[in-house]
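These notes concern the structure reproduced below.
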Amino acid sequence: MADPSAADHSGQVVIVTGAGSGIGRATARAFADAGALVLGVGRREEALEETAAGQPRIAVHPADLRAPDTPQEVIDVATERWGRLDVLVNNAGATKVMPLADTTAAGITELFDLNVTAPSLLAQAALPHLRRGRGAIVNVSSTYGHRPLPTAAHYAASKAALEQLTRSWAMELAADGIRVNALAPGPTESQALAAAGLPAATVEQIKQEEAARIPLGRRGEPREVATWILRLADPATTWLTGQVLTVDGGLELT
Ligand SMILES: NC(=O)c1ccc[n+]([C@@H]2O[C@H](COP(=O)([O-])OP(=O)(O)OC[C@H]3O[C@@H](n4cnc5c(N)ncnc54)[C@H](OP(=O)(O)O)[C@@H]3O)[C@@H](O)[C@H]2O)c1
């Protein structure tokens, strides 16, 4: 596995949302190991503190990203603390099993508030700071942002929206020197399935089915995803923007 700590992010200030578990935790730690100052955001303070344990370069800010004032507050906390912002990683997200027959307006709103609206408002609030440092945005999509997902269509649609935001913002912000890319992971070990409210036996069944469908024969580990988030954000990655990179053990090919 490539070592994310090989990247050099010294002196950079990075915000990682959803840093209390899974891909966000691995990403926050990898950025800190690579020299960055990191603000980890999520609702559960204990989970964030666990991410930060033993790593003085990670600070935490517990907050619900669905609350209308949170995005600006998060950007303010990072910039008031460190005086700059170089990278925004929009990682916090949720999935939801919602077959069409059971679809509700509230269910759609809940998903889109977190997966689409919060990343948009965070990016907006980050803009003046990213302009100053010619920074980068990395949006965390999903392999299902560009392939169908029966019974969770609105999750897939929310990630498809994030991929289109990525491409459009890349064009819109290119003149400012801000790069915008997306990382689309396949099934990765995390709390996502449990957080979707699925019973443990169902989670286990889904995991086994996913592993069987993935050409490389297993689900991913958060560090295997984090390493590519760092590369997309790397200041040395100077000429890449508007791209969606799928890291999924080959699932996209099936
Ligand atoms: N794991 C996979 O198989 C997979 C595959 C493709 C894409 N992804 C995407 O990868 C990203 C990370 O997910 P993960 O797999 O690492 O799952 P995870 O372990 O469930 O992490 C999601 C994080 O988001 C935070 N979060 C959820 N709702 C929030 C809210 N309202 N406000 C602030 N933070 C909130 C959670 O912390 P709190 O509960 O403490 O708030 C949690 O730490 C998501 O965007 C997900 O869609 C995951």
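The values are calculated or read from the model by the stated rules, or taken from the named source; none is laboratory data. Note that the structure is a prediction, hence the values are computed from the model and not measured. Here the Cβ positions follow ideal geometry from the backbone for every residue, glycine too, while neighbour counts run over all protein chains shown.
State all residues of the range 98-143 that are assigned to a helix (DSSP H, G or I), over 20 Å from ALA67 (Cβ atoms) and touching a Ser or Thr at 6+ places or on another chain (Cβ under 7 Å); if no residue qualifies, say none.
HIS129, THR143, listed by residue number.
Just to be sure before I move on: is ARG25 in contact (Cβ under 8 Å) with a residue 12 or more places away in the chain and farther than 23 Å from VAL244 by Cβ in the structure I sent?
In short, no.
Just wondering, is there one or more residues in the range 125-145 that are surrounded by fewer than 16 Cβ atoms within 10 Å (Cβ to Cβ) and under 19 Å from VAL244 (Cα atoms)?
Step one: filter the range 125-145 for residues surrounded by fewer than 16 Cβ atoms within 10 Å (Cβ to Cβ), giving 128, 131-132, 134.
Next, only the ones that are under 19 Å from VAL244 (Cα atoms) stay: none.
Checked against the condition, which is being surrounded by fewer than 16 Cβ atoms within 10 Å (Cβ to Cβ) and under 19 Å from VAL244 (Cα atoms), the range 125-145 yields no hits at all.
For the range 126-159, which positions are away from the ligand (no atom under 12 Å from the Cβ) and either within 17 Å of the chain's Cα centre (by Cα) or closer than 19 Å to GLY24 by Cα (or both)?
Within the range 126-159, ALA126, GLY135, ALA136, ILE137, ALA157 qualify.
Can you say whether VAL116 is within 30 Å of GLY197 (Cα to Cα) and either charged (D, E, K, R) or more than 10 Å from the ligand (Cβ to nearest atom) (or both), as far as the supplied structure shows?
yes
Report yes if some residue within the range 65-75 is within 18 Å of PRO222 (Cα to Cα), near the ligand (Cβ under 9 Å from one of its atoms) and either among the aliphatic types (A, V, I, L, M) or at pLDDT below 95 (or both); otherwise report no.
Checked the range 65-75: no residue is within 18 Å of PRO222 (Cα to Cα), near the ligand (Cβ under 9 Å from one of its atoms) and either among the aliphatic types (A, V, I, L, M) or at pLDDT below 95 (or both).
What are the residue pairs meeting all of these: first residue in the range 74-99, first residue small (Gly, Ala, Ser), second residue modelled with pLDDT under 95 and crowded, with 19+ Cβ neighbours inside 10 Å, Cβ atoms under 9 Å, and 6 or more apart or on different chains?
Qualifying pairs under 9 Å: GLY93/ALA192; ALA94/ALA192.
Of the residues ALA47, ALA78, ALA30, ALA7, which single one is more than 22 Å from ASP248 (Cα to Cα) and more than 7 Å from the ligand (Cβ to nearest atom)?
Residue meeting the stated conditions: ALA78.
Mind listing whichever residues of the range 171-195 are of a type outside the set (Asp, Glu) and touching a Lys or Arg at 6+ places or on another chain (Cβ under 7 Å)?
GLY177, ILE178, PRO187, THR188
Among the residues that make up the range 163-181, is at least one of them among the hydroxyl-bearing types (Ser, Thr, Tyr) and surrounded by fewer than 18 Cβ atoms within 10 Å (Cβ to Cβ)?
For the range 163-181, residues among the hydroxyl-bearing types (Ser, Thr, Tyr) and surrounded by fewer than 18 Cβ atoms within 10 Å (Cβ to Cβ): present.
Filter the range 191-211 for residues that are more than 18 Å from PRO150 (Cα to Cα) and more than 10 Å from the ligand (Cβ to nearest atom) and give the result.
PRO199, ALA200, ALA201, GLU204
Conditions first: (1) touching a strand residue (DSSP E or B) at 6+ places or on another chain (Cβ under 9 Å); (2) over 24 Å from ALA236 (Cβ atoms); (3) assigned to a loop (DSSP other than H, G, I, E, B). ILE75 passes all but one, so which condition is the exception?
All conditions are met except number (3).
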